[in-house]
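K.L.:
Pasting a structure here, questions to come.
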Ligand code: ADP
């Protein structure tokens, strides 16, 4: 084993021990607010609440059973849009759907069911990460039991983004040992990439994301040069006010609706090292990295789940890692 291999494994070991020592509680800020939506709320209204509060997801609460009822995310709105496309005569019903109907919508269009996986906040952070990765959830609610009533309570929700930021900020002594390049550890996806062009409609791209269960599609020109990335969260401003017809407009127009504080997209090359990626995660709001070559042409995509999966499982459970 070369010294660089040894160092890399030492770094991964340090990170895994850190994730076992820390709990999900540790990731939470000292003070925060949590918006929980009642499952009986109209889907249409839920969208306005997310937009007004500048959030892109919220836990759902079933007030009939007093139980946590899953997590509402931009994927759910994309499913509603898919439903609307598959059953155009149902448009009047779509307006009347409540959040509790999301499961029926998923069944009707044949996609994976709503993410109901959760974790106790005082369990090791490693457990929250591995549950998220195994269920392909991008965020996980922290659910505790109220001592007095014995009922479930949703404490907060943590995302892959937040966890990777927490790792990047607190474990520089380990992340600095990860000197292998993206190419050497084959981090990310390089085959069968889903891409789109500026002139493709928002609907076509939503369809790609739903069918492939991905949260972003790089926008390229005819030479495969990367121009932008359309993300699942970009769907929310497009359907604001229930204007589903606007979804037929091109991606280029939809990208103009991004909030003013949008931070841009992040790129890297296959020669970049994992320690440098952690440096970027530490300093910026990165949700994925688009891998390009020296001519800005698309090579691949590295999602936060790819990074987390590598940190947790590389060399541990080979079967799971290669799945
Ligand atoms: P995350 O789980 O971090 O939200 P995604 O759902 O976008 O990220 O990614 C899930 C998996 O799909 C990852 O392994 C990622 O590399 C891959 N992936 C992401 N975007 C694309 C794409 N446009 N085409 C093909 N594969 C992709």
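K.L.:
Could you list, in sequence order, all residues of the range 111-136 that are crowded, with 19+ Cβ neighbours inside 10 Å and at pLDDT below 85?
P.N.:
114, 115
K.L.:
Can residue 311 be described as surrounded by 13 or more Cβ atoms within 10 Å (Cβ to Cβ), within 16 Å of the ligand (Cβ to nearest atom), at pLDDT 95 or above and in a strand (DSSP E or B)?
P.N.:
no
Residues are listed down the side, and each one gets a yes or a no for (1) within 22 Å of the chain's Cα centre (by Cα); (2) within 16 Å of the ligand (Cβ to nearest atom); (3) at pLDDT below 95:
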site: 235; (1), (2), (3): yes, yes, yes
site: 282; (1), (2), (3): yes, no, no
site: 290; (1), (2), (3): yes, yes, no
site: 302; (1), (2), (3): yes, yes, no
site: 317; (1), (2), (3): no, no, yes
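K.L.:
Here are some conditions: (1) within 12 Å of the ligand (Cβ to nearest atom); (2) touching a residue at least 40 places away in the same chain (Cβ under 8 Å); (3) under 30 Å from residue 81 (Cα atoms). Residue 219 meets all but one. Which one does it not meet?
P.N.:
It is condition (2) that residue 219 fails.
Each row is one residue, and each column tells you yes or no for (1) modelled with pLDDT under 95; (2) within 30 Å of residue 67 (Cα to Cα).
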site	(1), (2)
144	yes, yes
147	yes, yes
159	yes, yes
164	no, yes
167	no, no
170	no, no
183	no, no
186	no, no
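K.L.:
Could you list, in sequence order, the residues of the range 154-193 that are surrounded by fewer than 18 Cβ atoms within 10 Å (Cβ to Cβ) and either free of Cβ contacts under 8 Å to residues at least 24 places away in the same chain or in a helix (DSSP H, G or I) (or both)?
P.N.:
Residues satisfying the conditions are 161, 162, 169, 170, 172, 173, 183, 184, 185, 186, 191, 192.
K.L.:
Taking residue 224 as meeting all but one of (1) within 14 Å of the ligand (Cβ to nearest atom); (2) without any contact (Cβ under 8 Å) to a residue 24 or more places away in the chain; (3) more than 30 Å from residue 86 (Cα to Cα), write down the number of the exception.
P.N.:
Every listed condition holds for residue 224 apart from (2).
The values are calculated or read from the model by the stated rules, or taken from the named source; none is laboratory data. What you are looking at is a predicted structure, and each value in this text was computed from that prediction instead of being measured. Positions of Cβ are backbone-derived with ideal geometry, glycine not excepted, and every protein chain shown enters the neighbour counts.
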